[in-house]
Amino acid sequence: MKDAFGREIRYLRVSVTDRCNLRCRYCMPAAGVPDKGHGNILSFERIAEIVAAATELGVSKVRLTGGEPLVRRGIVDLVRTLAAPGTLRDLAMTTNGTLLADLARPLKDAGLMRLNISLDSLDPDTYRAVTRGGDLALAKRGLRAALDCGFPVKLNAVLQRGVNEREIPDLVDLTRDLPVELRFIELMPMNGDCAGDAFLPGSAVLDAVPALRPLEGDGKARRFALPGAAGTVGLIEPASRPFCAACDRLRLTADGKLKPCLLDSREIPLEGLHGDELTAALRDAILAKPAAHGALSFTGQSPAGRPMNRIGG
Ligand code: SAM
Ligand code: SF4
């Protein structure tokens, strides 16, 4: 179905939990998820019902995210349930990868098609600092397992001035041998404990690695590659090059609200809605998509109304 600005909405991001085993500074409050956030998490049956209704309206791509989707018990069963009807052209997941070593194969067998793995740093101390305690070795093991299982993999690295800025060339070097798309993401103000002076524009990647050659973009990311490399490099630049005109997505939060736009506080509750009423709420959310998000500012409230772990990145 098309939104009010003629954009075909094909993509639903489903957050399966607000919880996470890491505490990235730009995403989660240091104290983690408040207790009252644990209550109304959608059941797998309810997620499947909402995905089926969205499919009827033309959604053909679903990404499971969170929080950390792999901390939700039974996640492999949810993947199997969503894959079973065969109506999804794409079923993907975004994960920090730290629990992936044991789960990559079961996820693949259950029907998961693609993985995005977050990896901001190749230095164990920097990784630990950014994630507030994470173990880089676990994330690397998860990445290895994903590649060994044959998953197409994208790596997500949030650009942070003075944190992973000096590692940009090392991160890009990963693409020489690994068949991955490494995507540098501009930092967004999402209520995490991350100040605006950490913002680094996507263009910093091109300054740091002049050997990158442009490829055709995909409407959302500018894309590049090193000559002869196995992988590619993408720039996701919501602040300096907003890609709203190509936005084709809706978000479903773990507590059952539709978010028409990541960077807008509007939410449409689905509680108690089934059948035609559920379809109508999905239509409302599609038609409520703004033409574009406002300018991003690190001062004052986040435009999103929730921290990232409570939306689903
Ligand atoms: N836990 C999983 C992970 O880290 O990949 C999935 C959820 S996480 C919210 C999804 C993506 O959002 C991650 O790649 C993360 O780096 C990104 N993200 C979180 N907060 C962000 C922020 N403030 N600005 C830009 N990207 C952010
Ligand atoms: Fe957890 Fe992902 Fe947020 Fe990091 S970015 S705290 S791994 S949900």
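The values are calculated or read from the model by the stated rules, or taken from the named source; none is laboratory data. Fair warning: this is a prediction, and the values are worked out from it, not measured in the lab. All Cβ positions, glycine included, derive from the backbone under ideal geometry; neighbour counts span all protein chains shown. Side chains included, ligands, DNA and RNA excluded: accessible areas come from the protein's heavy atoms. Shrake-Rupley method; radii C 1.70, N 1.55, O 1.52, S 1.80 Å.
A few notes on this one:
- Answer residue from the stretch 105-127, given it is of a type in the set (A, V, I, L, M) and surrounded by fewer than 19 Cβ atoms within 10 Å (Cβ to Cβ) and is farthest from Leu138 (Cα to Cα) among those: Met113
- Restricting the stretch 136-147 to residues that are within 14 Å of ligand 1 (Cβ to nearest atom) and over 20 Å from Ala198 (Cβ atoms), the residue that is farthest from the chain's Cα centre (by Cα): Leu138
Yes or no, residue by residue, for (1) more than 24 Å from Ala204 (Cα to Cα); (2) modelled with pLDDT of 90 or more; (3) β-branched (Val, Ile, Thr):
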{"site": "Arg251", "(1), (2), (3)": "yes, yes, no"}
{"site": "Ala254", "(1), (2), (3)": "yes, yes, no"}
{"site": "Lys259", "(1), (2), (3)": "yes, yes, no"}
{"site": "Asp264", "(1), (2), (3)": "yes, no, no"}
{"site": "Pro269", "(1), (2), (3)": "yes, yes, no"}
{"site": "Asp276", "(1), (2), (3)": "yes, yes, no"}
{"site": "Arg283", "(1), (2), (3)": "yes, yes, no"}
{"site": "Leu287", "(1), (2), (3)": "yes, yes, no"}
{"site": "Gly313", "(1), (2), (3)": "no, no, no"}
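- Once the stretch 136-159 is narrowed to residues that are outside any helix (DSSP H, G or I) and touching a Phe, Trp or Tyr at 6+ places or on another chain (Cβ under 8 Å), the residue that is most open to solvent (accessible area, probe 1.4 Å) is Val158.
- Output for the stretch 229-238, where each listed residue is closer than 19 Å to Asp177 by Cα and part of a strand (DSSP E or B): Thr232, Val233, Gly234
- Between Ser60, Ser43, Ser15, Ser121, the distinction of being among the polar types (S, T, N, Q), within 14 Å of ligand 1 (Cβ to nearest atom) and out of contact with any Gly (no Cβ under 8 Å at 6 or more places or on another chain) belongs to Ser121 only.
- Asp90 vs. criteria more than 16 Å from ligand 1 (Cβ to nearest atom) and within 15 Å of the chain's Cα centre (by Cα): yes
Condition check ((1) surrounded by 14 or more Cβ atoms within 10 Å (Cβ to Cβ); (2) within 16 Å of ligand 2 (Cβ to nearest atom); (3) modelled with pLDDT under 95; (4) over 29 Å from Phe151 (Cβ atoms)) across all residues:
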| residue | (1), (2), (3), (4) |
| --- | --- |
| Gly219 | no, no, yes, no |
| Ala225 | yes, no, no, no |
| Ile236 | yes, yes, no, no |
| Ala280 | no, no, no, yes |
| Ser302 | yes, yes, yes, yes |
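- Subset of the stretch 161-174 [crowded, with 22+ Cβ neighbours inside 10 Å and either within 14 Å of ligand 2 (Cβ to nearest atom) or of a type in the set (Ser, Thr, Tyr) (or both)]: Asn164
- If the condition is being open to solvent by 20 Å² or more (accessible area, probe 1.4 Å) and assigned to a loop (DSSP other than H, G, I, E, B), then the stretch 244-256 contributes Cys247, Asp248, Asp255.
- Strands (runs of 3 or more DSSP E) contained entirely in the stretch 160-228, each with at least 1 residues that are touching a residue at least 24 places away in the same chain (Cβ under 8 Å): 180-186, 221-225
- Arg241, sole failed condition from (1) in a loop (DSSP other than H, G, I, E, B); (2) within 24 Å of Pro69 (Cα to Cα): (2)
- The criterion of being surrounded by 15 or more Cβ atoms within 10 Å (Cβ to Cβ), of a type in the set (A, V, I, L, M, F, W, C) and within 15 Å of ligand 1 (Cβ to nearest atom) does not hold for Leu206.
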